[in-house]
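These notes concern the structure reproduced below.
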Amino acid sequence: MKGKILLVSGPSGSGKSTLIKRLITEFGEQIYFSISSTTREMRAGEADGVNYHFISESEFRAGIERGEFLEWALVHGKYYGTSLKAATSELERGKIVIFDIDVQGYEIVRGKVPKNELTSVFITTPSLSELRDRLRARGDNDPADIALRLQNAQEEMERLGEYDYFIINDRLEAAYENLRSIYKTIKLETASRDIGKLIEIWKI
């Protein structure tokens with residue numbers, strides 16, 4: 001049975017990466033997390049092939065020319081993109097493929113993927129001021145970068161109505177339970193499933 005895509009977007013600092021990691025920890029082999037490629041610098045504590053595939057701008061541009069990305073976007077002056085080959089392979093294996101991408105990427109993906117194979121979630125903080133505090137607390141962004149991220153976050157919020165679900169990450173446990181419920185709902189959906197095959201298996 002073919003898998004489905006769970007696409008997660010939200011401002012930098014909203015906690016979406018933390019929530020996705022918990023989902024992967026709980027459901028393990030049922031999930032494939034699509035690791036994006038990026039041209040931004042590696043941050044302290046990150047590892048190539050774990051957080052991102054860190055590549056040069058020239059490598060990224062060559063990948064665009066060869067059609068290797070399901071989606072790509074220029075964010076904060078850096079390129080980010082999702083591998084087409086890896087995602088397709090895992091979907092064919094029946095896994096839930098999770099994308100952590102911005103609203104630009106979402107617009108591209110939903111133009112390429114049938115609606116019944118895609119579920120989208122937007123995660124954010126309770127307020128802009130809370131997001132500002134979280135970005136400052138991380139300590140790895142200078143004031144100019146924080147200002148840019150806050151401006152982008154406001155623009156992203158204008159696209160909120162395009163998503164299937166909306167989670168306010170105010171309390172981590174409550175936010176995770178919401179994301180977990182969405183994931184469980186996807187697993188139970190019959191859309192895009194081989195119903196005939198399911199019925200034959202049931203008859204055994």
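Regarding the range 70-77, can at least one residue be identified that is on the phi > 0 side of the Ramachandran plot, in contact (Cβ under 8 Å) with a residue 12 or more places away in the chain and open to solvent by 50 Å² or more (accessible area, probe 1.4 Å)? Let's see the steps before the verdict.
From the range 70-77, those on the phi > 0 side of the Ramachandran plot are 76-77; that's our starting set.
Still in the list and also in contact (Cβ under 8 Å) with a residue 12 or more places away in the chain: 76.
Adding the requirement that they be open to solvent by 50 Å² or more (accessible area, probe 1.4 Å) leaves 76.
Taking every residue of the range 70-77 in turn, at least one turns out to be on the phi > 0 side of the Ramachandran plot, in contact (Cβ under 8 Å) with a residue 12 or more places away in the chain and open to solvent by 50 Å² or more (accessible area, probe 1.4 Å).
Would you point out which residue out of Ile35, Ile24, Ile20 is in a helix (DSSP H, G or I), open to solvent by 30 Å² or more (accessible area, probe 1.4 Å) and in contact with a strand residue (DSSP E or B) (Cβ under 7 Å, 6 or more places away or on another chain)? I'd like the intermediate steps shown before the answer.
Values: Ile35 fails: in a helix (DSSP H, G or I); Ile20 fails: open to solvent by 30 Å² or more (accessible area, probe 1.4 Å).
Residue meeting the stated conditions: Ile24.
Could you check how many residues of the range 118-143 are touching a helix residue (DSSP H, G or I) at 6+ places or on another chain (Cβ under 8 Å) and either touching a residue at least 12 places away in the same chain (Cβ under 8 Å) or of a type in the set (Lys, Arg) (or both)?
From the range 118-143, those touching a helix residue (DSSP H, G or I) at 6+ places or on another chain (Cβ under 8 Å) are 118-125, 128, 131-132, 135-136, 141; that's our starting set.
With the extra rule that they be either touching a residue at least 12 places away in the same chain (Cβ under 8 Å) or of a type in the set (Lys, Arg) (or both), the set shrinks to 118-125, 128, 131-132, 135-136.
Matching residues across the range 118-143 total 13.
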Report yes if Leu172 is open to solvent by less than 60 Å² (accessible area, probe 1.4 Å), aliphatic (A, V, I, L, M) and within 22 Å of Leu23 (Cα to Cα), otherwise no.
no
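Which of the residues belonging to the range 38-55 are open to solvent by 20 Å² or more (accessible area, probe 1.4 Å) and part of a strand (DSSP E or B)?
Restricting attention to the range 38-55, the residues satisfying the condition of being open to solvent by 20 Å² or more (accessible area, probe 1.4 Å) are 39-55.
Within the range 38-55, Asp48, Tyr52, His53, Phe54 qualify.
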Residues within the range 30-47 that are more than 12 Å from the chain's Cα centre (by Cα) and touching a residue at least 24 places away in the same chain (Cβ under 8 Å), tallied
8
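Before we move on, is Ile146 of a type in the set (Val, Ile, Thr), surrounded by fewer than 11 Cβ atoms within 10 Å (Cβ to Cβ) and free of Cβ contacts under 8 Å to residues at least 24 places away in the same chain? Working first, answer last.
Details: of a type in the set (Val, Ile, Thr): yes; surrounded by fewer than 11 Cβ atoms within 10 Å (Cβ to Cβ): no; free of Cβ contacts under 8 Å to residues at least 24 places away in the same chain: yes.
No.
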Looking at (1) of a type outside the set (A, V, I, L, M, F, W, C); (2) open to solvent by 60 Å² or more (accessible area, probe 1.4 Å); (3) farther than 26 Å from Ala174 by Cβ; (4) at pLDDT below 95, which is the one condition that is false for Ser58?
(4)
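The values are calculated or read from the model by the stated rules, or taken from the named source; none is laboratory data. Keep in mind that what you see is a predicted model, and the values were worked out from it rather than measured. All Cβ positions, glycine included, derive from the backbone under ideal geometry; neighbour counts span all protein chains shown. Quick note on the areas: whole protein, heavy atoms, side chains included, nothing else; ligands and nucleic acids left out. Shrake-Rupley method; radii C 1.70, N 1.55, O 1.52, S 1.80 Å.
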